[in-house]
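For reference, the structure is listed below as structure tokens.
What follows draws every value from the coordinates through simple rules; no lab data is involved. Just so you know, these numbers come straight off a predicted model, no measurement behind them. Neighbour counts are summed over all protein chains in view; Cβ atoms, including those assigned to glycine, are modelled from backbone coordinates with ideal geometry.
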Amino acid sequence: MSKPASSWAELEKQIMAKVNSALEVEMAEMVKIKTQEHVQSDVYDAYPDPSIYERRELSGGSLGDIEQMDSKLIESGLLEVVDNADFNHGFAARYGGYGGVNRDKSLAQNIEFGYGNKSMPWNEERPFIAKTKKEIQDNNLHTKTMRSALIKRGLTVV
């Protein structure tokens, strides 16, 4: 338990330490899980039987692989979660290329906004990031997660 704050500034510092800890642990985990769920529902289920590429499902470095998602505080009170999944280079090497993706953008950006002429199911936009954000906001998951995390850290939250 932390010592009692002797000033408003000290109290704010103690609270923000707990908020930042909650962001780095519980909030990051919730966002990654929700992102993974939306990769499944908005990306994979939208084009369930790929015939042109090999799907890596939710592991093996894929878009839905939580191990490929990084989270960090970019400033006090502000968490960033990024899906850093890379293209399937082995598949591209075996089958002669990347199928028109924009290699200057991430795999997540190519899937989120589509690529090439967007004429096939696999290169149309599949906005899993936007839908993840919307689900979190619409269901107040960020508020619920933070509340629970702060209570776990000993704060009374009303």
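Charge dipole of the chain (Cα centre as origin; +1 on each Lys and Arg Cβ, -1 on each Asp and Glu Cβ, all else neutral): 420 debye, rounded to the nearest 20. Separation of region 112-158 and region 17-66, taken as the distance between their Cα centroids, equals 10 angstrom. In plain terms, if you count all Cα to Cα distances in region 1-134 and split them into 5 Å steps from zero, the share in each step is 2, 10, 16, 20, 16, 10, 7, 6, 5, 4, 3, 2, 1, 0 percent. Legend: residue pairs 72/118; 3/32; 72/105; 13/144, Cα-Cα distance threshold 28 Å; pairs beyond threshold, 72/118; 3/32. Over the chain, DSSP H runs of length four or greater, each weighted -39,500 (n - 2.57), average out per residue to a 222 nm ellipticity of -12000 deg cm²/dmol. Couplings for region 109-114, taken from phi via the Karplus curve 6.51 cos²θ - 1.76 cosθ + 1.60 with θ = phi - 60°, read 5, 4, 6, 4, 10, x Hz in order; Gly and Pro are left as x.
Sorting the segments 71-81, 39-49 by their mean number of nearby beta carbons within 10 angstrom, highest to lowest, gives 39-49, 71-81.
The phi-based Karplus calculation (6.51 cos²θ - 1.76 cosθ + 1.60; θ = phi - 60°) puts the 3J(HN,Hα) values of region 92-108 at 4, 5, 6, 10, x, x, 10, x, x, 5, 8, 6, 7, 10, 6, 4, 4 Hz, whole numbers, x for Gly and Pro. Among 62, 140, 101, flag the residue with its Cα farthest along the positive direction of the charge dipole of the chain, charges on Cβ as +1 for Lys/Arg and -1 for Asp/Glu. Farthest towards the positive pole: 140.
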